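**Q** Here it is: the structure, laid out below.
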Amino acid sequence: MAFDPRELAAPTVLGPPTGARVERDLVYRTDGQRVLKLDVYRPPSEGPPVPVVFLVNGDAPEEIIATAKDWGVYRSYGQHLAARGLVGVPFNHRSTNRFERTDAADDVQAAISFVRGRAEDLEVDATRVGVWVFSAGGPFGLAPFLWRRPDWLRCAAGFYMIWDLGPLRASVLTTI
């Protein structure tokens, strides 16, 4: 039986809270034929700018991760972050199976730059940014920040992440 990536869009086991103000499919980068998009989950009510957390999914073949931001788990995390007064941003990035790790790291940087550059419109505090990396996303999603932490980075987390980042140091550092 062939794997159907649409199965990943199924709801999570525990239903997420409701009420987040969600903007879907904002184009943050176009690279050749690939259009990369992100979603922004904001708290239910308007207010002053709040911290933002970027959800960096793991790596897999392109046909699997092409719509990762739409998977139930990332929609749920976005909703949960918004319910707690933060902005959650899941986004799609390129697979390292067809591209270099530095391309995926560039995508992470581009998503963060896109949101920080529109901080006022998106009700985000651009000086308080978190990066939450999952699975095999560690080498390109978190490694650059572990070696050179930007002033705006306030939190970095890895969930079931590859932590042995030493072999990737030289290639990833060239992207920041």
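The values are calculated or read from the model by the stated rules, or taken from the named source; none is laboratory data. The structure displayed is predicted, hence computed values, not measured ones. We place every Cβ from the backbone using ideal geometry, glycine too, and count neighbours over all the protein chains shown. For accessibility, only protein heavy atoms count, side chains too; no ligands or nucleic acids. Shrake-Rupley method; radii C 1.70, N 1.55, O 1.52, S 1.80 Å.
**Q** Among the listed residues 73, 131, identify the single one that is among the aliphatic types (A, V, I, L, M), open to solvent by 40 Å² or more (accessible area, probe 1.4 Å) and within 15 Å of residue 38 (Cα to Cα). If you could, list the steps in order and put the result at the bottom.
**A** On the way: 131 fails: open to solvent by 40 Å² or more (accessible area, probe 1.4 Å).
Result: 73 is the single residue among 73, 131 that is among the aliphatic types (A, V, I, L, M), open to solvent by 40 Å² or more (accessible area, probe 1.4 Å) and within 15 Å of residue 38 (Cα to Cα).
**Q** So, one more: Out of the residues in the range 90-128 that are surrounded by fewer than 24 Cβ atoms within 10 Å (Cβ to Cβ) and of a type in the set (Phe, Trp, Tyr), which is modelled with the lowest pLDDT?
**A** Restricting to residues being surrounded by fewer than 24 Cβ atoms within 10 Å (Cβ to Cβ) and of a type in the set (Phe, Trp, Tyr), the top hit is 99.
**Q** Tell me which residues, restricted to the range 41-76, are free of Cβ contacts under 8 Å to residues at least 40 places away in the same chain and among the basic types (Lys, Arg).
**A** Matches in the range 41-76: 69 only.
**Q** Looking only at the range 78-89, filter to residues that are open to solvent by 50 Å² or more (accessible area, probe 1.4 Å) and assigned to a helix (DSSP H, G or I); which one of those is nearest to residue 44 (Cα to Cα)?
**A** Result: 83.
**Q** Name the single residue that is surrounded by the most Cβ atoms within 10 Å (Cβ to Cβ) among those in the range 1-42 being of a type in the set (Asp, Glu) and modelled with pLDDT of 85 or more.
**A** Quick first cut of the range 1-42, residues of a type in the set (Asp, Glu) only: 4, 7, 23, 25, 31, 39.
Then keep just the ones that are modelled with pLDDT of 85 or more; that gives 23, 25, 39.
Working: 23: 13, 25: 11, 39: 21.
Out of the qualifying residues, it is 39.
**Q** Among (1) out of contact with any helix residue (DSSP H, G or I) (no Cβ under 7 Å at 6 or more places or on another chain); (2) among the charged types (D, E, K, R); (3) assigned to a loop (DSSP other than H, G, I, E, B); (4) crowded, with 21+ Cβ neighbours inside 10 Å, where does residue 59 come up short?
**A** Going through the list (1) out of contact with any helix residue (DSSP H, G or I) (no Cβ under 7 Å at 6 or more places or on another chain); (2) among the charged types (D, E, K, R); (3) assigned to a loop (DSSP other than H, G, I, E, B); (4) crowded, with 21+ Cβ neighbours inside 10 Å, residue 59 breaks only (1).
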